[in-house]
1. Can you list the distances in nanometres, one decimal and ascending, from the residue A:179 label point to the identical position in each other copy, with the point 7 Å along Cα to Cβ?
2. Taking θ as phi - 60°, what are the ³J(HN,Hα) couplings along region C:58-65 by the Karplus curve (6.51, -1.76, 1.60), each to the nearest whole Hz, with x for Gly and Pro?
3. Quantify, in whole percent, the carbon and sulfur part of the accessible surface of region B:201-243 (1.4 Å probe; protein heavy atoms only).
4. Partner chain Cβ atoms within 10 Å, averaged over the residues of B:287-300 - can you pull that number for me?
5. Mind checking the mean number of beta-carbon atoms from other chains within 10 Å of the Cβ atoms in C:160-169?
6. Quick check on my link table: of A:237/C:143; A:213/B:237; A:147/B:213, which ones sit more than 28 Å apart, alpha carbon to alpha carbon?
7. For chains D and C, what's the summed buried accessible area, probe 1.4 Å, to the nearest 100 square angstrom?
8. With charges set only on the Cβ (+1 for Lys and Arg, -1 for Asp and Glu), what does the dipole of the protein assembly as shown come to about its Cα centre, in debye to the nearest 20?
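The values are calculated or read from the model by the stated rules, or taken from the named source; none is laboratory data. None of these values were measured; they are calculated from a predicted model. In this analysis, Cβ positions are derived from the backbone assuming ideal geometry, glycine residues included, and neighbour counts consider all displayed protein chains. Ligands, DNA and RNA are stripped out before the accessible areas are found, and what is left, the full protein with its side chains, is counted by its heavy atoms. Shrake-Rupley method; radii C 1.70, N 1.55, O 1.52, S 1.80 Å.
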There are 4 protein chains.
Amino acid sequence: MTAGSSFGQLFRISTFGESHGGAVGVVIDGCPPGLPITVAEIQKELDRRRPGQSSITTPRNEQDQIHLFSGVMDGITTGTPIMLMAYNRDQKSDDYNNLKAVFRPGHADYTFQQKYGARDWRGGGRSSARETIGRVAAGAIAKKYLKEKLGIECLCYVEQVGAIGSSIDADTVTAEQVESNIVRCPDTAQAAEMICLIETVRDEGDSVGGVLKGLIRHVPVGLGEPVFDKLHADLGKAMLSINAVKGFEIGSGFAGVALRGSAHNDAFYHDETGRVRTRTNHAGGVLGGLSSGETIHFRVAFKPTSTIRKAQETVTQDNEATILEATGRHDPCVLPRAVPIVEAMAALVILDHYLRNKAQNG
Amino acid sequence: MTAGSSFGQLFRISTFGESHGGAVGVVIDGCPPGLPITVAEIQKELDRRRPGQSSITTPRNEQDQIHLFSGVMDGITTGTPIMLMAYNRDQKSDDYNNLKAVFRPGHADYTFQQKYGARDWRGGGRSSARETIGRVAAGAIAKKYLKEKLGIECLCYVEQVGAIGSSIDADTVTAEQVESNIVRCPDTAQAAEMICLIETVRDEGDSVGGVLKGLIRHVPVGLGEPVFDKLHADLGKAMLSINAVKGFEIGSGFAGVALRGSAHNDAFYHDETGRVRTRTNHAGGVLGGLSSGETIHFRVAFKPTSTIRKAQETVTQDNEATILEATGRHDPCVLPRAVPIVEAMAALVILDHYLRNKAQNG
Amino acid sequence: MTAGSSFGQLFRISTFGESHGGAVGVVIDGCPPGLPITVAEIQKELDRRRPGQSSITTPRNEQDQIHLFSGVMDGITTGTPIMLMAYNRDQKSDDYNNLKAVFRPGHADYTFQQKYGARDWRGGGRSSARETIGRVAAGAIAKKYLKEKLGIECLCYVEQVGAIGSSIDADTVTAEQVESNIVRCPDTAQAAEMICLIETVRDEGDSVGGVLKGLIRHVPVGLGEPVFDKLHADLGKAMLSINAVKGFEIGSGFAGVALRGSAHNDAFYHDETGRVRTRTNHAGGVLGGLSSGETIHFRVAFKPTSTIRKAQETVTQDNEATILEATGRHDPCVLPRAVPIVEAMAALVILDHYLRNKAQNG
Amino acid sequence: MTAGSSFGQLFRISTFGESHGGAVGVVIDGCPPGLPITVAEIQKELDRRRPGQSSITTPRNEQDQIHLFSGVMDGITTGTPIMLMAYNRDQKSDDYNNLKAVFRPGHADYTFQQKYGARDWRGGGRSSARETIGRVAAGAIAKKYLKEKLGIECLCYVEQVGAIGSSIDADTVTAEQVESNIVRCPDTAQAAEMICLIETVRDEGDSVGGVLKGLIRHVPVGLGEPVFDKLHADLGKAMLSINAVKGFEIGSGFAGVALRGSAHNDAFYHDETGRVRTRTNHAGGVLGGLSSGETIHFRVAFKPTSTIRKAQETVTQDNEATILEATGRHDPCVLPRAVPIVEAMAALVILDHYLRNKAQNG
């Protein structure tokens, strides 16, 4: 089971496809039967990640129309593998001809070439973010199961772009607020500044990074495994596996290291309903690797997009020094489109651990 | 293969044991045959993590003597499972009697109880950091294989304690420098301040967190898998699975989000030997999830130790509010003892991916 | 990793698709890069299993045209997941309308319904033998790798149909001889009798079973794992996972139990080239779960096809007794079409274990 | 997850240990919490497989005393890994000194040496049947869970020794009847003949094989996965992974191939309670890879013990021809001691699939 293109144990996805091959897609194995799901519901999530959706994303206009090939009958999951796939349509691979022999800085060209002795150089091949179409499609199903069957909500928003932060009440923020602007930051004032920054770096032929905040609400107590498969360890891996992610923190994270234990520990108490709660949530909803019942909250750091138009020093496959001046159409900032990807990965982790816990302790 | 107590695919470890049961240990499956290894070499690593090693760790004096039960003959690995185990000796479980019915803030007591319907309350049971004895023992073998067969070095040091940082040249720092003081921070001046801070919080009955820096040198190009099992995603999971870890970042991490792409991208060039190198290493030694040949560097955030002597608000298993004033002997700061654990987990990830890469591309 | 639709560890396949959904196919993860492969080569193997290929198979004329969507560039494997798929064309699901509410004896209708609370009743859904299209497609790639890179040959033929046996020299039989007649039994005289029997049972609206013999030649010494993943245990699982298989034996199998150890043990000697060989091969090419270098030979028992036209007692989904008289077009004997499936599964097991052994011991 | 010493997905065991190293044992991960279990209950199963238990087993007198190190508190499983181990006591490795350089026919000496470049030659090392101590210990827990929580019974008996068969009513045979004689064949008359045969081959310095029959009663409908992890495919792998096993068949098996489909298909009907049953059980309790609710019945072929005292032709590690005349103390027939091993493996498969089914469909 070392297949590097699979994720999850019981709700298990396997993605396939290159940027400019025939298609990109996903096989989901282990989905519980009996869940109503439509292609339109899945497409809705994909539309949130598709290129060309707004003025601050890449102008490549890819529809990423998803097709369903198995595992659903009469609109209901049957329990057998679900295959979902988007054909590759907008294949201007000529755009990439000049990249055939050049290693782009910040990209996987060099490491792929060294690992496999060859690489699909068209649009990054397997390392293209198109791979995440499969994740988002599978995540749409996981999100629906969590929401409808268990009342669990996975939500993500843009907290920071470049050095521009924001102020958002994580307890009350809604999906509608996230979708209310094109940068997907619910702090409207700061969102405007973020958009302005993204437009500036775009016009400069440059790019910028940022931070996404993830929330998972109403998780039952006890999901996760105590040792290696701690819930936040699996969440961290999930997020770090997304292109351009360089950091992950749960709860207080890096900032928490400066606190004293007496300030950091979340005191237990009984709320008015008698349920055990904590007064604070520095833990981020996870104690000893298991969900505590408090909202899981985490942050994900995205580096600035590697593809820029500015000239860069690099080398060719034939061992010559060169200057790369990329053309093509790219995202100046990946964060707005990464929001549904983070939500999808979060949903995949939680549903998988829900099923694992059900098997042993249900 | 959802066993939450196993880690790795081809060099695979499975740990077992509770803090106050019969023993804690590990089974390693998939170790290449022909590696010379002695119990003394393994013990040396364990001595770096054992309690009571210095004035700033818990005064519990546990020898954690490791025993070898299988998989090695005449001092050479045979390719069959290696079982290593330390008997639990210093079992003052009476110390914990008062914890039988109380949920300690910041600990796994409450979540274990809810998940399994019961828990081993003696010293945290399975959630005790004693579990890492198995990791360090297995890591000692992985470290030796990497060093002797492949020339790869895994190194870790304390970079920050509380708010006290340090200034260390990651390119030149040595294992000897790390071991030169009890806090394992190679910046001698700052190390003295860190020790002072730890002694202060200890005397106050409180605790403090910090940041560890990890380095992996001389990794060949191409280790890691392109999609879910990116090298830094597996490193991140490995680190996040260690008790008290709340954050992980590779290369530029959270700080890198504020850079422009033109500043963040690491330019490729050929060094004097003709090898492809990068002028900077914001990537942290990983491009597209695959090792780039540059030094892998990452940071790990540890929260302040949850166990403190100060009084804390909490609840009992019987649904009553109470005030917990812990006694017992605990670490005011886990970082000095966590250094060998981070090194061990790094070595396990790298060796596993080395074998995976060898299988497909070797 | 409990995905029941995946097989193999390092050369890992995941199949998807129902008989009458959109498509059936397979994702292969872990294929070594650099292998030349064409769709035509894969199609050739599929043509050996397709319906309508001869007078003794089902007259359903399905072309099972395979399409390649990823993982191959310029005719060479790239090391990334390979997706292969055949659209479902000949979907006369009206043929199956009368089966919607009836549990067919010998089929999975009843157990699927009970397990999942629903089932795709059109042509058996996921339990249809169409699922093996993915296996044969993936096996075609594995077979090519084994043959071209390692000189290993996977060969299978029909040894028995009903009570009609055959006499074949397993040491010299060739693929051409197997393909020389439509029943795929290299004993020409007995093949004629087998064909006659199959035609008879077909005309009676009945069916018949048989035995396939598998051979794997030129396997290097040492493939397989010593304990649970013994080479013949994984071969056995592979074969038992094929529809209609009820038995598997390696080497002397069930007949060997009556021998004395002194007769059964295969004596070692050095052949003229100095290589260690055995005088006999009762072991079937496997000692202690590891390949011995002798030809691996095994037998696979297939029950008579469950679908027959003769009237049968059964029950409906609505809990009523009924008599089922099936119509539709079915195989009176599955063995001729099962030959390429057994070869495919054998190739998948051997290539997977070759890669596993290379990782640890290569 | 290619660890060859692990078995199962959710109730997962990992065995370790060589015949003459420090110990043999097992780690069980994923056991549901709350099961009462005592060392005595586990020991009882081990006593059924231990050497020296009767006049027809090896006279080596090994107590195989099991020790429990983790995962059980106050006699109840806690949900964390359970480690069980037997120290190696009766280590007369001098007995094996003459085997250091000789490859025993029928054994794994040669293949281990070639695979790993070395081997533990003392008593077969890892390939020794002592490895099954871990399986039987883990199986004891699985059997208890199945029996007490689910009412499922795993039963096995000796059906044939050499050419001596028996006549047993599989519907009514009890565990007590199996244990009523030392050969574990409930047909008392035939048991006497079997014992006589075993004594004869023992006195001749030879050995003999046989067939075990396995029964699993009261399995709920729907356990197993439809494609690769069919219930009987996993049972087959489990059995084929036991030392000396050369064949496995479910239900009608090899004999069923000669039947017509109309005779082989098991007709469905409603019994007096309204439950769906089949009139016959040629399927062996599995339809489409899923349990049907009928008793699962299967047969397992064991070759004659490879270790015999009679002189045998072989070669040495130094490439010389030689004659081996083994001394030492060995089983003339492994079947009586294999009965608890087959029961253990059956229980492990069923419990694992029960948990898998519960996760997805429970």
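1. Nearest to farthest, the other copies are at 5.6, 5.9, 6.4 nm.
2. 4, x, 3, 9, 9, 7, 6, 5
3. Details: 340 of 740 Å².
After summing per-atom areas, the C and S share lands at 47 percent.
4. Numbers: counts 13, 13, 8, 8, 3, 4, 3, 0, 0, 0, 0, 2, 2, 2.
Mean partner-chain Cβ count within 10 Å for B:287-300: 4.
5. On the way: counts 3, 2, 4, 3, 1, 0, 0, 0, 0, 0.
Shielding by partners across C:160-169 averages 1.
6. Values: A:237/C:143 35 Å; A:213/B:237 19 Å; A:147/B:213 39 Å.
Pairs exceeding 28 Å: A:237/C:143; A:147/B:213.
7. Numbers: alone 16760 and 16770 Å², together 25190 Å².
Buried area between the two chains comes out at roughly 8300 Å².
8. Values: 156 positive and 168 negative charges, 1 e Å.
With Lys and Arg at +1 and Asp and Glu at -1, about 0 debye.
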